[in-house]
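Peer 1: Attaching a single structure in structure tokens format; questions to follow.
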Amino acid sequence: MTRITHEQREQLKAFATGDIDRAQHLSTAMPDEDWSSYRLLHAALFAVLLNNHFQGDLSPQIIADFVDGIRRDYKAANIQFNSWTVEGILRATAGEEHLFEYFSSEDVISTQTIVVGRLTSYDQNVSDNIDVFLDDAEALIAKWEQGDQ
């Protein structure tokens, strides 16, 4: 069973609510042995937030529109952004699993980070209720682990 620590939750909460200095401090302080379960919590939060935002409608066009919004924001901020990677990973997540073979684990993690940041910063309800979403993410981890048995 995965052990999620208070610090892992706090790091994701700080990131999700825009407290980047605290998130960075907590990341730096996290022991190496906690990173695996942290990444699992991060992936579960990503899944929970996707479900909340898209309400199950992750069609290719909806995904493309969502990624286009992110692309415009990054372009306006003069930040490099690989929209093809984000769109591909979201489509893979939505059921086109064969697309995962084209992406590294770093691509997946960075996409999850971009999407979690986007969904929490653009939806006040999400950032205001981040603890509820983190609870849901922990419950999802428990479901994933029951499925492995």
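Bear in mind that the values in this text are calculations on the coordinates, not laboratory data. Here the structure is a predicted model, which is why all the values come from computation and not from measurement. No Cβ is skipped: glycine too gets one built from the backbone with ideal geometry, and neighbour counts run over all protein chains shown.
Peer 1: Ile79 versus Ser27, label points 7 Å from Cα toward the beta carbon: distance in nm?
Peer 2: With each label point 7 Å from Cα toward Cβ, the separation is 1.1 nm.
Peer 1: Rounded, prolate or oblate: which one fits segment 19-149, using the alpha carbon gyration tensor with axes a ≥ b ≥ c (rounded when a/c is under 1.5, else prolate when a/b beats b/c, else oblate)? Don't jump to the answer; show the numbers that get you there.
Peer 2: On the way: a/c = 1.38, a/b = 1.15, b/c = 1.19.
Rounded.
Peer 1: Taking 0.36 nm per residue of sequence separation and subtracting the Cα-Cα distance, how much length would be gained by fully extending the chain between Asp19 and Thr5, in nm to one decimal? All intermediate terms of the calculation are to be shown ahead of the outcome.
Peer 2: Working: separation 14, 0.36 × 14 = 5.04 nm, distance 1.87 nm.
3.2 nm is the gain from fully extending Asp19 to Thr5.
Peer 1: So if we plug the beta-carbon distance of Asp65 and Ser36 into 1/(1 + (r/R0)^6) with R0 = 35 Å, what FRET efficiency do we get, rounded to 0.05?
Peer 2: Values: r = 34 Å, r/R0 = 0.96.
In this case the efficiency is close to 0.55.
Peer 1: Determine the relative contact order of the chain: mean sequence separation of Cα pairs under 8 Å and six or more apart, normalised by residue count, in whole percent.
Peer 2: On the way: 116 pairs, mean separation 51.2, N = 149.
Relative contact order comes out at 34 percent.
Peer 1: Further, regarding this structure: Per 0.36 nm of contour for each residue apart, how much would the distance between Asp128 and Ser104 grow if the chain were fully extended, relative to their Cα-Cα spacing?
Peer 2: Numbers: separation 24, 0.36 × 24 = 8.64 nm, distance 3.23 nm.
Result: 5.4 nm gained on full extension.
Peer 1: Through the Karplus equation 6.51 cos²θ - 1.76 cosθ + 1.60, θ set to phi - 60°, convert the phi angles of segment 45-55 into ³J(HN,Hα) values in whole Hz; use x for Gly and Pro.
Peer 2: 4, 3, 5, 5, 5, 4, 4, 4, 6, 8, 6
Peer 1: Give me the net charge of His25's neighbourhood, meaning all other residues with Cβ under 11 Å from the Cβ of His25; Lys, Arg count +1, Asp, Glu -1. Intermediate results must be reported in sequence, preceding the final value.
Peer 2: Working: positive: Arg22; negative: Glu7, Glu10, Asp19, Asp21.
That sum, taken over residues with Cβ under 11 Å, equals -3.
Peer 1: Another question about this same structure. Residue by residue through segment 22-35, what is 3J(HN,Hα) from phi via Karplus (6.51 cos²θ - 1.76 cosθ + 1.60, θ = phi - 60°)? Round to whole Hz and write x for glycine and proline.
Peer 2: After applying 6.51 cos²θ - 1.76 cosθ + 1.60, I find 5, 4, 5, 4, 5, 5, 4, 7, 6, x, 3, 5, 8, 5 Hz.
Peer 1: Quick one: if you stick a label point 7 Å off each Cα along the C-beta vector at Ser121 and Glu96, how many nm between them?
Peer 2: 2.6
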